[in-house]
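Any read-out appearing in this document is the output of simple, stated calculations on the displayed coordinates, not a laboratory observation. Being a predicted model, the structure only gives us computed values, none of them experimental. Methodologically, a virtual Cβ is constructed for each residue, glycine included, from the backbone with ideal geometry; neighbour enumeration extends over all protein chains shown.
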Amino acid sequence: MPRWLAHTIVVVLFAALIALAFSRVNYAWNWAGVWEYRQKLLQGFGVTVGISVAALVASTLIGMLAAVLLESKNPLLEAVGRVYVEVIRGTPLLVQLLIGFYVVASAVGLENRYVVGVLVLALFSGAYMAEIFRGGLAAIPQTQRDSARAIGLTPWQSFRLVILPQAVRLVLPAVAGQFVSLIKDSSLLSVIAVSEFTLAAQEVNSFTYSTLESYLPLAAGYLLLTLPLSAMSRLLERRYRYEA
Amino acid sequence: MNLEIKGLVQRFGTTTVLDRLELRTGDVRSLVLVGPSGGGKSTLLRILAGLDVPVAGSVVFDGVALPRDEPSLRAYRRTVGTVFQAYNLFPHLTAMDNLLLPLMQVHGLSEPEARARVREPLERFGLANHAHKRPAELSGGQKQRIAILRALVVQPRRLFLDEPTSALDPEMTAEVLEMIGELKDLGTQFVLVTHEMAFARRVADLMAFVGEGRVLAHGPPGEIIDRCDAPRVRSFFARVLP
């Protein structure tokens with residue numbers, strides 16, 4: 001059976017199951033009510049895309065910096081990296097957002113909730129990125145570094161020409177997976193009243209009292225962003241599988 | 001090459017791997033290091049190749065002492081070539097790009113110059129048809145021959161070969177040894193660590209038996225393999241020779 005056929009069958013079966021569940025609860029659909037607020041949902045979707053792209057770029061940079069800290073020979077710098085990664089990964093994003101916005105941002109006089117939201121999200125995702133990058137660098141065998149030294153490369157040339165190109169190929173699938181998580185995690189920014197996609201859906205729900213009609217488009221919207229990323233991740237994984 | 005080693009000590013943690021090792025080769029073109037695993041052969045070779053710095057002692061090649069600081073060692077490494085047991089090639093680059101990398105990035109050749117430099121050696125060693133392949137598409141023997149070529153095309157003063165066939169099956173071993181034999185005939189100077197005794201006997205101008213962190217015997221290969229009195233050396237060859 002070809003893969004596309006298998007995928008289609010599974011999707012259809014899954015949809016049928018969901019449809020069956022909906023038919024059993026005799027839900028009274030009210031799509032017209034939600035349709036009136038389509039502009040709000042679209043705006044929210046746009047804000048989510050914007051926040052995600054900004055946090056994606058920032059978290060990649062933060063992740064690289066933190067990976068350098070984690071690998072540092074200076075115990076103090078290494079400790080900074082380790083504490084950052086463990087605290088962030090060990091606490092809920094919800095708490096980080098609330099403390100980040102109502103305590104830290106207020107203390108330093110940062111009032112733009114969009115900026116704070118992107119920063120907290122980037123710091124959160126950056127901790128996971130750091131471990132991905134560190135793992136990628138650590139996975140390059142010592143013999144590659146030896147070979148690079150043996151042909152007379154400087155440490156920087158060795159990193160740029162030998163280590164980094166291999167590490168990037170290794171981590172790309174995991175990074176794409178982390179991007180998917182980040183996009184979904186951005187929905188939590190609604191708790192600090194950033195009017196992104198999820199908050200828009202919540203508001204539409206409170207105006208129309210049509211819960212499912214408000215939230216089903218939300219699910220579809222996130223899938224629209226995350227499915228291409230997952231597909232790209234698998235593609236990259238296949239393309240760069242050059243070494244047994 | 002004329003190699004003079006005095007009082008060479010190397011330690012890893014509390015383990016002493018080289019224990020005041022001494023060796024004077026006189027003027028030879030090829031030096032082959034043999035001996036038991038863990039005896040210090042590879043550790044010695046890494047020091048000679050400028051990859052590791054010994055705890056104590058001196059190494060003098062042709063009257064010039066090996067430096068101890070990293071920038072000078074890097075400059076030294078650019079004048080020699082080193083091939084390890086395996087995984088020498090960079091897997092993200094084709095065989096050709098592996099050959100061009102040191103020529104262009106370290107030795108400052110332009111790409112046309114570098115390509116011209118590698119063309120003839122690729123042909124001579126029957127590797128021209130494999131130049132466009134990634135290492136994963138090459139056999140173990142082809143990988144090692146490309147690695148030797150990469151070390152060779154920068155026109156080094158000498159090669160250091162650390163068990164270049166230990167990870168290969170007998171057929172591939174033969175093709176790599178044949179290449180090293182040809183290099184010897186072409187006048188390439190090298191220091192080779194190997195367990196291939198028949199081959200060592202053929203290519204060694206001088207053989208040094210390294211065990212327990214010292215050179216336990218050195219001389220023409222026939223003398224070391226067939227007529228050495230040292231008990232440690234005799235028992236080694238009694239076990240490894242058919």
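Here are some notes:
- Sequence-distant lysines (8 or more away, or on other chains) whose Cα lies within less than 20 Å of A:K184: A:K40
- Size estimate for segment B:82-192 follows the Kirkwood approach: the inverse of mean 1/r over distinct Cα pairs works out to 13.9 Å.
- For the peptides B:67-76, B:194-203, A:127-136, the ranking by packing is A:127-136, B:194-203, B:67-76, with the highest mean count of neighbouring Cβ atoms within 10 Å listed first.
- Residue-wise HN-Hα coupling along segment A:163-175, computed from phi with Karplus coefficients 6.51, -1.76, 1.60 (Hz; x: Gly, Pro): 6, 4, x, 6, 5, 4, 4, 5, 8, 3, x, 5, 5
- When the trypsin sites (Lys or Arg not before Pro) in segment A:1-99 are filtered for DSSP coil states and for at most 16 other beta-carbon atoms within 10 Å of their beta-carbon, the remaining sites are A:K73.
- Ranked by the mean number of other Cβ atoms within 10 Å of their residues, highest first, the peptides A:220-233, A:6-19 fall in the order A:220-233, A:6-19.
- Ratio of the Cα radius of gyration of segment B:1-144 to 2.2 N^0.38 Å, where N counts its residues: 1.23
- Anisotropy class assigned to segment B:2-79 is oblate, per the alpha carbon gyration tensor with a/c at or over the 1.5 cut-off and a/b no larger than b/c.
- Principal axis dimensions, segment A:1-121 - Cα atoms, whole angstrom, descending: 61, 44, 24
- Antiparallel beta bridges, as assigned by DSSP with both residues in segment B:92-242, represent about 55 percent of the total such bridges.
- For segment A:77-129, the Kirkwood radius over C-alpha pairs fed into Stokes-Einstein at 37 °C and 0.692 mPa s yields D = 287 µm² per second.
- Peptide B:85-95 shows a mean partner chain C-beta count of 5 within 10 Å per residue C-beta.
- Nearest 10 degrees, 0 to 90: helix A:197-208 Cα axis against chain A principal axis: 10 degrees
- Based on the convex hull around the alpha carbon atoms, segment B:89-154 presents an average projected area of 3.8 nm².
- For the protein assembly as shown: Kirkwood Rh in Å [reciprocal of mean 1/r, alpha carbons]: 27.3 Å
- Divide the volume of the convex hull around the Cα atoms of chain B by the residue count and you get 129 Å³ per residue.
- Above-threshold pairs, the threshold being 29 Å between Cα atoms, out of B:K41/B:K184; A:K73/B:K143; A:K73/B:K133; B:K6/B:K143: A:K73/B:K143; A:K73/B:K133; B:K6/B:K143
- Overall, the anisotropy analysis places segment A:62-210 in the prolate class: the square-rooted eigenvalues a ≥ b ≥ c of its C-alpha gyration tensor yield a/c not less than 1.5, with a/b exceeding b/c.
- Sorting A:202-208, A:139-145, A:192-198 by their mean Cβ neighbour count within 10 Å, with the most densely packed peptide first, gives A:192-198, A:202-208, A:139-145.
- Under 9 Å, Cβ to Cβ, from B:T25 - net charge with Lys/Arg +1 and Asp/Glu -1: -2
- Value of Rg to Rh for segment A:160-244, rounded to two decimals, is 1.19; Kirkwood radius and Rg both from alpha-carbon coordinates.
- Rg and Dmax over the alpha-carbon atoms of segment B:136-242 stand at 14.9, 47 Å.
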